[in-house]
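Chemist: Dropping a structure here in structure tokens format, bear with me for questions.
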Amino acid sequence: MSDKICQHCMKRKVNRPRGLCWGCWYTPGVRDLYPSTSKFARQGVGVTAPLAGATRPTAAHPGTPEKLEVLEARAGRGEALWHAGDSGGDLS
């Protein structure tokens with residue numbers, strides 16, 4: 001068993017991930033104060049907080065230079081890359 005002390009309450013032994021005791025782990029909001037240290041945790045942009053939605057749709061068709069410019073601009077602003085109203089590629 002570990003002799004480490006909970007990093008939140010500093011009273012009880014650690015028995016949950018993130019260096020927390022059972023009580024602190026299940027207390028609402030406490031777990032979110034301490035980042036995961038697991039190498040298997042989902043990490044990266046858009047995992048902890050959803051990306052802002054794209055502000056407006058584009059008529060540019062998929063694969064065109066215009067569409068790629070729109071995607072680059074959205075990524076640069078931290079928006080979601082796709083908008084429900086984007087052109088679906090119907091070239092007829």
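The values are calculated or read from the model by the stated rules, or taken from the named source; none is laboratory data. For clarity, every value in this text was computed on a predicted model and none was experimentally measured.
Chemist: When the stretch 65-92 is examined, which residues are found to be at pLDDT 90 or above and farther than 13 Å from Ala54 by Cα?
Modeler: Across the stretch 65-92, the qualifying residues are Pro65, Glu66, Lys67, Leu68, Glu69.
Chemist: Hey, another quick one. Identify all residues within the stretch 67-86 that are of a type outside the set (Phe, Trp, Tyr) and not in a helix (DSSP H, G or I); write none if there are none.
Modeler: Residues satisfying the conditions are Gly78, Glu79, Ala80, Leu81, His83, Ala84, Gly85, Asp86.
Chemist: Determine which single condition Thr37 fails, assuming it passes every other condition in (1) modelled with pLDDT under 90; (2) in a helix (DSSP H, G or I).
Modeler: Exception for Thr37: condition (2).
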